[in-house]
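The values are calculated or read from the model by the stated rules, or taken from the named source; none is laboratory data. Since we're looking at a predicted model, the values are computed, not measured. These area figures cover heavy atoms from the full protein model, side chains too; ligands, DNA and RNA do not enter into them. Shrake-Rupley method; radii C 1.70, N 1.55, O 1.52, S 1.80 Å.
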Amino acid sequence: MSADSTKKDDYESVLSGAASQLASFEGHDKGLVGRFREMLHATPALIPLIVVVAAIIVFGIALGSKFFSPFALTLILQQVQIVGVLAAAQSLVVLTAGIDLSVGAMAVLSSVIMGQFTFRYGIPAPIAVALGLAIGTTIGAVAGWLVSRVKLPPFIVTLGMWQILLAVNYLYARNETIRSQDIEQQAPFLQLMGAKFQAGGATLTLGVVMMLVLVALLAYALRSTAWGRHVYAVGDDPEAAQLAGVDVHKTIMSVYMLAGFICALAGWVMIGRFGSVSPAASTGMMGNIQSITAVVIGGISLFGGRGSIIGAFFGALIVGVFELGLRMAGANPQWTYLLIGALIIGAVSLDQWIRKVSG
């Protein structure tokens, strides 16, 4: 055997040994931490699920049956039904790497339209609700067109829409509130989402049922349909999605129109929850922040292309569990904001860490 051949064999042996050591190191490096990170990357809703279950257990142990009861647990669902619906709309936009700062204002305006169409123009309540849903969808279409065709940043578009919708809301309603008693007597259909029923000792509302059905349908659509795959693809890399044959414009338009429709649904849920119709409802200001909070805590990446609607639902539940648990414990309400703020920062940090898996 020649000297060159011997050197070549030695060189290949060294390379083989180095590759083997590297593979062994990578496998060791993955270990529990690496596998856990990959699991979180594949199932983003896992962390918020763990957090919400842990919070329920902790408050249940600390407060006993006062908290850990069907009434208290279903009260959480009733409290988060509006935020849960808004979070579903927000999730769709965030999955496309956008953000919607107008979801709360859109919900309030839709509720005002439903109420005013019924009481000012004498339109039957079911038709007024349908018109409110249609107008919400149209507003979403306008925002989607500005983002997709005019190429304006979603943050700027929805920030402007938020201001416009709040102004239109007050101007159109003339700062008038439609009282709960009047709605109950003349147009009870507007309060339909607030109808309560018993289920195994728990008290639920149709608004809660609608929220759960909506989350389930969107989760299925995003996971098991071509449209859902297109939404993730556009959020991950719109240029690559375009090259792969995805109609980016149609996908973005469909997302914003569906988000507008869902926000209008949230407006209908608001009427059922509060009983009255008011242009000054706090959801117009707080709904945006609450929905973004639920989405971020729920594991949906603000960079788009990763996350699930179910995770956002768990995020809304986390906020509801903390609020109810701390209130029942007699704690200062500011502790809720402190814990939620810490969870937001932690969730974004965790998202950055998880994204390294695909980096």
| Taking Cα atoms, how many degrees apart are the long axis of helix 46-63 and the longest axis of the chain, rounded to 10 and kept between 0 and 90? | 60
| said: Keeping every protein chain present and rolling a 1.4 Å probe, give me the accessible area per residue for segment 84-164 in Å². | reply: 33
| request: State the percentage of accessible surface on the chain attributable to carbon and sulfur atoms; use a 1.4 Å probe and exclude ligands, DNA and RNA. | output: 66
| query | Which label marks the calculated value of Cα Rg over 2.2 N^0.38 Å, given the options [x] 1.19; [y] 2.02; [z] 0.95? | reply | [x]
| query | Say we join alpha carbon atoms closer than 10 Å with springs in a Gaussian network model of the chain; which of A226, A89, A55 then has the biggest fluctuation? | reply | A226
| task | Normalise the Cα radius of gyration of segment 148-305 by 2.2 N^0.38 Å (N = residues in it) and let me know the number. | result | 1.24
| query | How many lysine pairs are close in the chain, with Cα atoms under 30 Å apart and the two 8 or more places apart or on different chains? | reply | 4
